[in-house]
Structure formats: C-alpha cells, structure tokens
There are 2 protein chains.
Amino acid sequence: MGRELTAKGRATRTRIVEGAAAVLRDKGVAVATLDDVMARTRTSKSQLFHYFPSGKDELLLAVAQFEADQVLEDQQPHLGRLDSWESWWAWRDVVVARYEEQGDQCPLGSLFLQVGRSTPGARAIVVELMRRWQESLAIGIRSLQAAGLVPAGLDVDRRAAALLAGIQGGVSILLATGESAHLRAALDQGIHDLGGPAVATG
Amino acid sequence: MGRELTAKGRATRTRIVEGAAAVLRDKGVAVATLDDVMARTRTSKSQLFHYFPSGKDELLLAVAQFEADQVLEDQQPHLGRLDSWESWWAWRDVVVARYEEQGDQCPLGSLFLQVGRSTPGARAIVVELMRRWQESLAIGIRSLQAAGLVPAGLDVDRRAAALLAGIQGGVSILLATGESAHLRAALDQGIHDLGGPAVATG
DNA sequence: CTTGGAATGGACTATTCGGTCCAGTCTAAG
DNA sequence: CTTAGACTGGACCGAATAGTCCATTCCAAG
C-alpha cells in the first residue's frame, strides 16, 4: 500500500489532523461533525475522504495518535530527566499546569468512546502511550535509586504503575468535577511515598 | 413540580431506567438509540417521552444516577467497615473483581461524554459520588488510626484523595487496555503505604 | 506541450434517529 | 357508573450528517 502523497498532499493531511484535533477539543467528540472539520481546515468533503478513505473513524484514529504523541511531548524535558527531587517536582508542576489548562476536555479519552475501545488500532495507541509513560517514570525512580535517594529495595514497577494510575485518575476527576485536588494529591503523595523530602503543601 | 406517578407508572419508569442501563452497557452509549431502549423494555416512544419529557438527555442522566448509586453499593459492606487490615484487603478484592468483571464498558464515564460534562446535573452526580467514596475511605483510614494500626500523623485526606485517584486511574486503564495490573498496583501500593503489613503479591 | 494521476470543489443521496402528535386504553377517586 | 387524567401505541416528521460521485484544477515527469 504505497502511499502516494505529494508535498502539498502531506501538508493538507497534516492541516486536517491538527484542525480536527482543535475542533474536537472545542466542541467535544460527541457533537463534532465532518462539516466542522471542513470549515476549520478549509477543506472539502472529498479531501477528507481522499486522505482518510475509511471515513470518520480513520480520521479520529489519526487525531488520537496525534494527541497521544502530544501528551508525552508536553511533559518534556522533565519527564526524560527525573534524576533528582527538583526535577520530579518540576515535572509535577508541568503535569498539573498542563491538565489544569486543558480544562474539562479530554481529547484522548473521548476519542476512544467514539471509535470504540476494542478497535485494535485504538487500543494499541493507548497501550503504547501508557507503556512509554510508565517506563519513563520507572527510569526516573531507578535514577533516584542510583543516586541513593530512595531505598534500593523499592518495587519500582509497582510504584510506577501506581503513580501512573494516580495521574490518570486525577485527570479523570479533574475532567469530571473541574477540581485538580485529586491530581495534586496523587502526584504529591506518590512522589512523597518514594521516600523523598516532605513537600510544602500549597 | 408535583410528580403524578401511579404505582404502574413508577414501575414502568423503573423498568425503562434499568433497561436503558443494560442497553448502554451492551452497546455502548455512543451507538445506543431510543429504539434499542424501546425494544429492550417493551415500551413505546410516547412512554419514553412521557416519563422523560426533555428527551434522551434526561433519560441518560437518570441512568447515570442509577449507575452511580450502584458503584458504592457494589462495594458494600466492605467499604463501610474498613476498620482492620483484613477488611481493607477484602474490599480491595471486591473492587478488583467488580471492575474486572465489568470488562471494558464504563457506563458512567461514557455517559458524561454524551450528556456533556458541564451539564449541572451530570457534574453534580459525579461530584457527589466522588465525595461519598472518598469520605468512606477517609473514615476507614481514621478507624485504622484509632486502632493504632497506622501513624496518627498521617494526612488522612490526602491519602484518601490519592487512593481514590489511583482507583479511578486504574479503572480507566483497565477500560482502555483490558489489563487490571494498574488497578491492582494502585490499590496494593495505596494500602501498603498506609503503613500496613506487606501484601503477598500474586 | 502533454498527460496521467494527485488534489480539490461541491452537489447529491441515503439513512438514521430524536422528537411530535393524536388517538385510544386503563384506572383510581368520587 | 362516570370521568378526569395517567398511561400506552405507533405513525409521522424533519433535521442532521456520514458517505458517494463526478467534474475540474493542479502539478510534476517525460
């Protein structure tokens, strides 16, 4: 299936994906229509189906991949350098700020509802995202261990998994209630329980 | 707004809500239609609009309330008696079992997508559910404190909030990936960090 | 220049589905 | 028994929207 995309075509395709992502964030996946995407990206329906032959679901999946990549990127460079307490707290601040700013739109979560969670493609995207995220956390914890900042006997993988779960849940609750208290609690408590210094709760 | 419901009417209304909940679980909120609900509950369209005059959203909201009540009920009586380590672990088992069984359908989460998270009614339901859930956890932790099983200086509310976040995230990840490892990790780690005995990881 | 295929425009279709309406039935109170 | 109003059946409607089709334009290679 050799793709035949000229430079112009690639640009248009990118414009569609990014514009669609913006539309989905603005209006919500449930009510966003292809016409919205067309208006936003100044494209015609034939273009949409030219670049995404299987239709809306294929486009949504592309947007999901785009958003998933964004998630980890937004946490850099902190997420990649979790080798001191300072960097852990800096990372925490970035995560809180990012999701507080995002407000009550969860592009990724919503997308899978529409596409169907069991779609192989959709599941693969989220599995891969979680895997990479947790791996970064685990590497960070091991860095602390190497520096003698946390006990060597710590169950790193379980810590990382629990922390990731706390973040996900914190974000879910933020989306549903508008309050970021749980996200903060999960991050603060999770980092605290690694054995680090007490954080000044603010 | 005095409701005028006879016994027969109340029965029908209940039948609709429960049937709709079943339909939503089976087919997913995104694709479930009023016709599905009609077929399942052996009702006519006029009945649906008789009991839910503002239409589908009102019905979905009623189902959301129904499901929300179910969530805490399914954790009883354990959730109400978290006064020993045994009861905490028993509760954990129930939570894991419940959500593993539920598979990849999240009636509540999906519902708010459709209705719109910002709808006052929808937000109120989820806020109240989280509040009650977290309060039960906090009471449980305080019971352990009273029994001298965990340090008195523990920040109970932050612990409870973080644990709740971990559960929510664990469930989210379970829904998205089909794996309950994160839910287990969040629960085991969260209970472990209260200061209790090490759990045999299985 | 020409030419084949990519890229684009936009009208048209098919269908689904929430919601309306009215006619008809049941039921509890007087 | 009467009757008001709750309850039910089901035909009908209109809007929304994913997807199709074909004509036209653009562009790079030969």
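The values are calculated or read from the model by the stated rules, or taken from the named source; none is laboratory data. Every value quoted in this text rests on a predicted model; they were computed, and no experiment measured them. Cβ placement follows ideal geometry from the backbone for every residue including glycine, while neighbour counts extend to all protein chains displayed. Just so you know, the surface numbers come from the protein's heavy atoms only, side chains and all, with ligands and any DNA or RNA stripped out. Shrake-Rupley method; radii C 1.70, N 1.55, O 1.52, S 1.80 Å.
Just a few scattered comments:
- Here A:Val94 clears all of (1) outside the structural domain of A:Leu149 (by TED's automatic domain parsing); (2) without any contact (Cβ under 8 Å) to a residue 40 or more places away in the chain; (3) in contact with a helix residue (DSSP H, G or I) (Cβ under 9 Å, 6 or more places away or on another chain); (4) of a type in the set (A, V, I, L, M, F, W, C) except the condition numbered (1).
- B:Ala62 meets all of the listed conditions (1) more than 15 Å from DNA strand C (Cβ to nearest atom); (2) open to solvent by less than 50 Å² (accessible area, probe 1.4 Å) but one, namely (1).
- Only one of the numbered conditions (1) modelled with pLDDT of 95 or more; (2) within 15 Å of the chain's Cα centre (by Cα) is not met by A:Leu149, and that is (2).
- Single residue of A:Glu58, A:Glu67 found to be of a type in the set (D, E, K, R), near DNA strand D (Cβ under 9 Å from one of its atoms) and within 29 Å of A:Arg98 (Cβ to Cβ): A:Glu58
- One residue from B:Gln114, B:Gln134, B:Gln102 being of a type outside the set (D, E, K, R) and open to solvent by 50 Å² or more (accessible area, probe 1.4 Å): B:Gln114
- Restricting segment A:117-131 to residues that are assigned to a loop (DSSP other than H, G, I, E, B) and within 10 Å of chain B (Cβ to nearest Cβ), the residue that is most open to solvent (accessible area, probe 1.4 Å): A:Ser118
- Any hit, segment B:49-58, residues being touching a Gly at 6+ places or on another chain (Cβ under 7 Å) and either hydrophobic (A, V, I, L, M, F, W, C) or assigned to a helix (DSSP H, G or I) (or both): yes
- For first residues located in segment A:22-34 and within 11 Å of another protein chain (Cβ to nearest Cβ), partners that are more than 16 Å from DNA strand C (Cβ to nearest atom) and not in a helix (DSSP H, G or I) and lie 6+ apart or on another chain with Cβ distances below 8 Å form the pairs A:Gly28/A:Gln105.
- Residues of segment B:100-129 that turn out to be within 12 Å of the chain's Cα centre (by Cα) and among the β-branched types (Val, Ile, Thr), as a count: 3
- Some residue of segment B:190-200 being among the small types (Gly, Ala, Ser) and under 16 Å from A:Gln168 (Cα atoms): yes
- Qualifying residue in segment A:76-91 (condition: open to solvent by 50 Å² or more (accessible area, probe 1.4 Å) and within 16 Å of DNA strand D (Cβ to nearest atom)): no
- Across segment B:12-35, the number of residues qualifying as open to solvent by less than 60 Å² (accessible area, probe 1.4 Å), within 15 Å of DNA strand D (Cβ to nearest atom), in a helix (DSSP H, G or I) and not polar (S, T, N, Q) comes to 5.
- Residue count for segment B:142-155 under the criterion of being assigned to a helix (DSSP H, G or I) and open to solvent by 10 Å² or more (accessible area, probe 1.4 Å): the result is 4.
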